There are 2 protein chains.
Amino acid sequence: MSEVRYWINGAPGDCLRPDERVVQYGDGLFETLQVSDGVADYLDFHLQRLQAGCRRLLLSFDDWQGLQAELQAHAHECGRGVIKLILGRAAGQRGYRFGSDQAATRIISTQALPELPPENGVQGVRVRLCGLRLAAQPALAGIKHLNRLEQVMARAEWHQGYEEGLMLDCDGRLIEGTMSNLFLVRDGTLFTPRLDTCGVAGVMRSVLIELAGARAIEVRRQSLRAADLASAQEVFVCNSLIGIWPVIAVDEQYGYSVGTVTRTLQQALSQDDRTRAGHWYND
Amino acid sequence: MSEVRYWINGAPGDCLRPDERVVQYGDGLFETLQVSDGVADYLDFHLQRLQAGCRRLLLSFDDWQGLQAELQAHAHECGRGVIKLILGRAAGQRGYRFGSDQAATRIISTQALPELPPENGVQGVRVRLCGLRLAAQPALAGIKHLNRLEQVMARAEWHQGYEEGLMLDCDGRLIEGTMSNLFLVRDGTLFTPRLDTCGVAGVMRSVLIELAGARAIEVRRQSLRAADLASAQEVFVCNSLIGIWPVIAVDEQYGYSVGTVTRTLQQALSQDDRTRAGHWYND
């Protein structure tokens with residue numbers, strides 16, 4: 001599978017009307033699912049987040065069984081790769097206003113897995129602190145909506161030398177990476193930033209919170225600051241495609257070894273049943 | 001002209017590829033231009049804002065003369081109506097990262113003028129204060145980018161009874177309307193919120209700042225709070241399509257008459273040369 005294939009509202013094709021509200025306003029949500037062995041990994045978590053996003057955006061969509069079957073069929077056909085789903089509010093009248101019965105548009109694409117350096121998960125990666133600060137918007141925090149200019153502009157801050165950039169909010173709190181969630185380990189306890197004012201609550205973040213809990217590793221979702229990087233013994237970033245990347249350096253300022261909690265979770269993740277149900281944490 | 005017509009990168013058609021970054025991330029800008037008598041009103045101001053937006057988003061586009069000619073040709077053909085231009089970052093590699101030479105995609109549509117109640121400009125309108133607060137993001141403030149979920153969600157707060165909703169930021173400062181900019185008049189001086197942390201710096205706002213200045217009406221762009229609505233003698237909202245709508249009530253809390261400064265500016269606007277050059281104020 002070398003190229004990207006598209007389906008719009010179930011029909012194969014790559015022709016989207018410009019009056020769709022995803023084009024006009026970024027009015028919608030997305031999910032990026034890893035497909036392995038013909039199944040969509042952690043589909044239950046992804047659908048939970050999507051449902052939460054629909055409630056938040058007042059997006060009318062209720063055929064969850066149909067969507068689940070559609071994603072499973074694509075995963076089966078794709079075998080191994082990535083499914084990206086965009087669920088947007090369909091075109092309607094002009095302007096920001098939308099109708100309570102306004103339909104949703106489904107855009108599904110399948111493509112090959114990205115070529116990620118396999119050593120990133122083993123040796124770890126260098127990351128940087130981004131200059132761009134995330135704005136605090138509780139109304140949109142946690143969900144994976146399509147207004148992603150902050151991530152785009154943060155990712156434009158560097159070209160090489162770092163595999164990811166960490167982002168602070170406007171109050172100086174640590175929130176996440178541009179494409180990942182962040183965990184710190186201190187004295188055997190796992191910490192991850194609360195995402196109730198900004199950030200995307202990742203599926204892999206929730207999976208790891210559960211895997212840690214099942215291994216009696218205490219997990220705290222709480223407000224963290226850049227200074228907490230100084231007292232951490234282990235740091236890692238995660239998402240659905242990269243899994244867990246240990247962080248070995250933040251800029252030239254902080255350095256870490258790949259520690260036992262990180263390795264324990266990598267091991268747990270590699271052995272996890274990726275078709276299982278679970279709980280998506282929306283802080 | 002009853003229907004919407006589209007051109008993508010100069011070619012007639014309404015088929016947009018889903019991998020365009022406007023679809024994926026809202027990675028782009030837009031302008032809504034009124035066309036009257038075959039010309040695009042205040043085109044110079046719109047292009048200034050678009051150029052500022054390109055600089056801010058690091059969007060590679062430099063054929064400004066070509067774009068100006070294209071918009072003028074559409075205005076000529078359209079005669080009377082609305083041109084909407086979306087300038088987005090074209091598709092590229094997967095993920096938030098983009099190349100320094102990544103092209104821009106132009107989506108142009110023309111359609112009829114919206115059917116706005118003509119009495120709104122004469123008798124004035126009732127507006128409300130929205131519950132949703134605008135997040136502070138200086139990196140994106142002022143420009144007209146495509147990440148508009150805040151406006152979408154604010155506009156969803158009411159269905160009837162109000163022609164516009166006013167928005168505060170997270171610190172309680174008055175910023176703008178969901179689709180308009182805001183002006184207050186106190187003791188003959190015109191006040192409009194500074195837009196350096198959030199909000200869209202409207203073309204009509206800049207036009208009115210200039211028209212006021214030319215009539216020796218003092219204009220201050222400054223931080224304003226909801227409480228400033230109590231001491232205002234006149235309030236109005238404006239944009240490129242509605243012109244000036246006097247505000248006669250904010251919720252049940254504040255009431256205003258349509259005053260002389262508002263009428264003076266409406267008169268000045270109706271007599272203004274809409275093909276003139278000017279200065280777009282980016283606070």
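Our Cα-only numbers for the protein assembly as shown put the radius of gyration and Dmax at 24.7, 74 Å.
Over the range B:55-123, the fraction of Cα-Cα pairs per 5 Å bin, rounded to whole percents and listed from the shortest bin up, is 3, 13, 18, 16, 13, 12, 10, 8, 3, 2, 0. Rolling a 1.4 Å probe over the protein heavy atoms of the range B:101-223, with every protein chain left in place, gives an accessible area that is 45 percent carbon and sulfur.
Which whole-number percentage describes the relative contact order of the range A:35-149, with Cα contacts under 8 Å and a sequence gap of 6 or more? Answer for the range A:35-149 is 30 percent.
What's the average, rounded to a whole number, of partner chain beta-carbon atoms within 10 Å of each residue's beta-carbon in A:85-95? Before the final figure, lay out the partial values.
Working: counts 0, 3, 0, 1, 1, 0, 1, 0, 1, 8, 8.
Shielding by partners across A:85-95 averages 2.
Accessible area per residue for chain B is 39 Å², calculated with a 1.4 Å probe on protein heavy atoms, without ligands, DNA or RNA. For the pair the range B:53-129 and the range A:157-177, the centres of their Cα atoms are 31 angstrom apart. In terms of the mean number of neighbouring beta-carbon atoms within 10 Å, the peptides B:263-274, B:119-130, A:239-250 order highest first as A:239-250, B:119-130, B:263-274.
Using Cα pairs closer than 8 Å and at least 6 residues apart in sequence, work out the relative contact order for the range B:84-174, in percent.
Value for the range B:84-174: 29 percent.
How well do other chains shield peptide B:137-148, expressed as the mean number of their Cβ atoms within 10 Å of each residue Cβ? Don't skip to the end; give the middle numbers.
Numbers: counts 11, 4, 8, 6, 1, 0, 1, 0, 3, 9, 11, 7.
Per residue, the average neighbour count from other chains is 5.
Here is the list for the range A:1-107: GluC sites (Glu not before Pro) lying in DSSP coil, each with at most 15 other C-beta atoms within 10 angstrom of its C-beta, are A:Glu3. In loop segments of the range A:171-273 as defined by DSSP, the GluC sites (Glu not before Pro) with at most 12 further C-beta atoms inside 10 Å of their C-beta are A:Glu218, A:Glu252.
What is the percent of Cα-Cα separations in chain A that go past 31 Å? Kindly include the intermediate steps, with their values, before the conclusion.
On the way: 10764 of 39903 pairs.
Tail fraction, whole percent: 27.
Within 10 Å of the Cβ of each residue in A:127-135, the mean number of Cβ atoms contributed by other protein chains is 3. Cβ distances below 4.7 Å define possible disulfide partners, and in chain B the cysteines left without one are B:Cys54, B:Cys78, B:Cys130, B:Cys170, B:Cys198, B:Cys238.
Its Cα centre serving as origin, the range A:1-148 has a Cβ charge dipole (Lys and Arg +1, Asp and Glu -1) of approximately 800 debye.
Using only Cα atoms, what is the ratio of the radius of gyration of the range B:159-283 to 2.2 N^0.38 Å?
Numbers: Rg = 13.6 Å, N = 125, 2.2 N^0.38 = 13.8 Å.
Relative to the rule-of-thumb radius for its length, the range B:159-283 sits at 0.98.
The simple spin-label model puts a point 7 Å past each Cα toward its Cβ; for A:His159 and A:Ser60 those points are separated by 4.9 nm.
Chains B and A: how much accessible area gets covered up at their contact, both sides added, probe 1.4 Å, in Å² to the nearest hundred? Don't skip to the end; give the middle numbers.
Working: alone 13200 and 13200 Å², together 21850 Å².
For chain B against chain A, roughly 4500 Å² becomes buried.
Translational diffusion coefficient of the range B:1-142 (Stokes-Einstein, Kirkwood radius from Cα pairs, 37 °C, 0.692 mPa s): 194 µm²/s. Ranking B:Gly81, B:Ala91, B:Asn282 by how far each Cα lies toward the positive end of the dipole of chain B (charges on Cβ) leaves B:Ala91 at the top. Shape summary of the range B:208-261, radius of gyration then Dmax from alpha carbon positions: 12.1, 35 Å. Using the alpha-carbon centroid of each, what span in Å lies between the range B:231-265 and the range A:1-44? A separation of 44 Å, based on Cα centres.
With only Lys, Arg, Asp and Glu charged, each at its Cβ (+1 for the first two, -1 for the last two), find how big the charge dipole of the range B:136-210 is about the Cα centre; round to the nearest 20 debye. Let's see the in-between values first.
Numbers: 7 positive and 10 negative charges, 31 e Å.
My answer is approximately 140 debye.
Restricting to Cα pairs below 8 Å that are 6+ residues apart, what does the relative contact order work out to for chain B? Please round to a whole percent.
With pairs under 8 Å counted, the relative contact order is 21 percent.
Scaled to the globular estimate 2.2 N^0.38 Å, the Cα spread of the range A:1-70, given as radius of gyration, is 1.23. If only the Cβ of Lys and Arg carry +1 and only the Cβ of Asp and Glu carry -1, the dipole of chain A around its Cα centre is close to 520 debye.
The values are calculated or read from the model by the stated rules, or taken from the named source; none is laboratory data. None of these values were measured; they are calculated from a predicted model. Here Cβ is always computed from backbone atoms with ideal geometry, including for glycine, and neighbour counts include all displayed protein chains. Just the protein is used for accessible areas: all its heavy atoms, side chains included, with ligands, DNA and RNA removed. Shrake-Rupley method; radii C 1.70, N 1.55, O 1.52, S 1.80 Å.
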